[in-house]
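Participant: Questions regarding the structure given below will be posed in turn.
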Amino acid sequence: MDPGSNQPSYSVSDLDRKARFVVLFLIFSGVFWLLFGTLLALFASLKMHLPDWLGTAGWLTFGRVRPLHLNTMVYGWASLTGAGVSLWMLSRLLKAPIMLRGYIVLAGVVWNIALLLGSIQILAGFSRGIEWLEFPVATMVAIVLCVIIISVSVLLMLINRRVKQLYVSVWYLIAAFLWFPLLGLVSSLPIFDTPTVQAGMNWWYAHNALGLWFTPVGLAAAYYFIPKVLGRPIYSYGLSLLGFWGLALFYNWNGFHHLIGGPVPTWFVTISISASVMMVIPVVVVAVNHHMTVVGSFRAVVNSPTLRFVVFAAMSYTFVSLQGAAQALRSFNEVIHFTHFVVAHAHIGMYAFVTMMLFGACYYIIPRVTMREWHSKGLIKWHFWLTAIGIIIYAGALQGIGVFQGFAMNDPEVPFTDTVTMTIPYLVARSVSGFLMTAGHLIFAWLMFRMVYRPGEQPASPLVWNKIREEFAS
Amino acid sequence: MMRNTILLFGIIATFAIAMFGLTILPKMFIDKAVKEPDYYTPFEVTEGHRIFVREGCIYCHSKQVRAEGFGADFERGWGRASVATDYRNLLPHNLGTMRTGPDLANIGARQPGRDWHYLNLYQPRAINEHSIMPPFSWLFEVVSEDARPGDEGLRLPEAYRIPGMKVLPTDEAHSLVAYLISLDQQTAGVD
């Protein structure tokens, strides 16, 4: 399914061998932040219904743990792992080795240090205080510069490619690696110096971080792995084209639907609502394209660990995007804005779609770059069911009660306290789902660890330090 | 080659146009109106705003009232619809997205009592046993009953009292409460 090429000067195993160290480094860094972010998630979730638990520790208060959970998951887990997965896919799709590997490893080290520093800063109370952008500006700029190094590598790979046609995944990945650094840089500019303007920038950024960074990486993975594992081409080139340009045109404009009813000129909000509804087009187009590719091969979905995760994620993407379009409508937004419904919506996006997609990608990539088999098939199944059931409980509980919370809040007869107490059982259910997902992550981390650590077996790659020297030399 | 040029151009153009539309254009429309008024914001209030940001109050309290007829913000007594000049140009913006607790855009008018706020910050369940707001005890100091005569300390319910001790707000608590009380739609904007 790779676009055809006449002069393959690199074999697949050549490419994977060259990709090995840098891809493993990025993905394993991501897994570390996944575990760290999961711990923070548990703290935040438990503290919502047990407010006095660890209540005297300022650095662990809900208002610091919750934003750090978001930032470590977004800029740690999903971005680092997403970058590793993207580089590997590009290397395969462009039939070119990953460029600047030594510099990417260096950038990865700096990136991890920035995350560590940013984490300390938020817990110590130096948050920037803007949702999705809580890391102080200097820390954020450091991360963006690291991404830019990877973006340069991506463009060099594009120039060095050994294929003529660019497959749809490549379009998405090139877009992602151009959009995300631009987003990060613009959001760090000091020109947004009045509150409501900053709020506009805030939601333009936050929505686009999902729409222009994680979504293209996730969709690129879906477009890559579904046909790859099934061994058949994607259903329609035309639909791929429509889906891509639809996303580029409409997703960019969605941000202001987070400010419906807020103190900003209404017509900005209306533009975003229209663009959000227009998103139905690329979403349905992509869904049809994927569905028509899979149709008739559902057995493979059950049997392949990669496909199981990837198809779950692709379906979640369709669901969460259609839901998002509905949420942007004023009548629906009036009810669910400011409730737990939106929190769950964000998790369907970042977890059921992005995170599950990355899990699926890892199950395909890691054996190929380490040249080893997964340690246990059973554990992969456990990983899938724990995380899938976990996120379904999460979304079901919070979106269910979120609607009622919204109606109660819009009924002035209901005392405010009742809108709090009615949610408690569902907040407890969320914590339970959190423990399920945590168990899944621990299993995943163990499986990953076993891929690189097998005592008694000859190491497949030289020691880390030699490897880094080698990367710079090449 | 042509196709790849279109691809790269399209990627940058779609981004740049929307970036202009949703960040620069709002700036051109809004900045003029809010930058002109001369806000008199005492140091205590800016300091309180900093602590509000530090403790992440915004993850449970929005600070934007929706207009009458859209939701029940008005009927709940949270105030009139917020406008850009309400925010005194304090950064970062605190519009918020969540109402685990009530909107705070007009809390100064609704709850002008300093002592009430101290108690709510030290132990929210001393006021409302169903509240799930976190306690912010590090904004307070616990001293012996005999220390600092004249300062009675928080009037805590029996369950939260510490025998032989009293609880006094620190300067940080003073600032935070000054900020909360400044959140009054009557006096926001130009003083």
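Participant: Using the basic label-point model (7 angstrom from Cα toward the beta carbon), what is the B:Leu8 to A:Asp418 distance in nanometres?
Facilitator: 6.2 nm
Participant: Also, quick follow-up: What is the distance, in nm, between label points placed 7 Å from the Cα along the Cα-to-Cβ direction at A:Ser236 and at B:Thr41?
Facilitator: So the label points at A:Ser236 and B:Thr41 sit 5.3 nm apart.
Participant: Please give the calculated 222 nm ellipticity per residue for the protein assembly as shown, where each DSSP H segment of at least 4 residues contributes -39500 (n - 2.57) and the sum is spread over every residue; nearest 500 deg cm²/dmol?
Facilitator: Numbers: 26 runs with 406 residues, N = 665.
Mean residue ellipticity at 222 nm (helix-derived): -20000 deg cm²/dmol.
Participant: Regarding the range A:165-309, what are the three Cα extents along the principal axes, ordered largest first, in Å?
Facilitator: Its Cα atoms span 54, 29, 26 Å along the three principal axes.
Participant: Please compute one quarter of the surface area of the Cα convex hull for the range B:39-182 and express it in square nanometres.
Facilitator: 9.3 nm²
Participant: Using R₀ = 56 Å, calculate the FRET efficiency as 1/(1 + (r/R₀)^6) where r is the Cβ-Cβ separation of A:Arg162 and B:Arg155; round to 0.05.
Facilitator: So the FRET efficiency works out to roughly 0.15.
Participant: Compute the orientation-averaged projected area for the protein assembly as shown from the convex hull of its Cα atoms and round it to one decimal in nm².
Facilitator: Its Cα hull, projected and averaged over all orientations, spans 30.7 nm².
Participant: Sketch the reach of a paramagnetic label on B:Arg80 as a point 7 Å from Cα along Cα-to-Cβ, and name the residues of the range A:253-281 whose backbone nitrogen lies under 15 Å away.
Facilitator: Flagged as within label range: A:263.
Participant: At a Cα cut-off below 18 Å, give the lysines reachable from B:Lys35, other chains included and same-chain residues fewer than 8 away excluded.
Facilitator: Partners found: B:Lys27.
Participant: In addition: Compute the separation of the alpha-carbon centres of the range A:280-337 and the range A:193-267 and state it in Å as a whole number.
Facilitator: 14 Å
Participant: Provide a whole-number value for the mean count of partner chain Cβ atoms within 10 Å of the Cβ atoms in peptide A:55-68.
Facilitator: 5
Participant: Each residue of the range A:115-130 in turn: what ³J(HN,Hα) in whole Hz from Karplus with 6.51, -1.76, 1.60 and θ = phi - 60°, glycine and Pro shown as x?
Facilitator: Each residue of the range A:115-130 in turn: 5, 5, 4, x, 5, 4, 4, 5, 5, 7, x, 10, 4, 6, x, 10 Hz.
Participant: Quickly work out the A:Trp385-to-A:Leu116 label distance, labels modelled 7 Å from Cα along the C-beta direction, and quote it in nm with one decimal.
Facilitator: 3.9 nm
Participant: May I ask which of A:Lys18/A:Lys164; A:Lys47/A:Lys381; A:Lys164/A:Lys381; A:Lys95/A:Lys377; A:Lys18/A:Lys228; A:Lys164/A:Lys377 have a Cα-Cα span longer than 27 Å here?
Facilitator: A:Lys47/A:Lys381; A:Lys164/A:Lys381; A:Lys95/A:Lys377; A:Lys164/A:Lys377
Participant: What does the charge dipole of chain A about its Cα centre add up to, to the nearest 20 debye, if the Cβ of each Lys and Arg holds +1 and the Cβ of each Asp and Glu holds -1?
Facilitator: Working: 27 positive and 15 negative charges, 351 e Å.
The calculated dipole for chain A is roughly 1680 debye.
Participant: Find how many whole Å separate the alpha carbon centroid of the range B:75-150 from the alpha carbon centroid of the range A:30-44.
Facilitator: Centre-to-centre (Cα) distance: 30 Å.
Participant: Also, I was wondering about something else. Averaged across the residues of B:137-147, what count of C-beta atoms belonging to other chains lies within 10 Å of each residue's C-beta?
Facilitator: 1
Read-outs throughout are calculated quantities, based only on the coordinates presented, and are distinct from any laboratory measurement. All of these numbers come straight from a predicted model, not from anything done at the bench. Cβ sites come from the backbone with ideal geometry, for glycine too, and all protein chains shown count toward neighbours.
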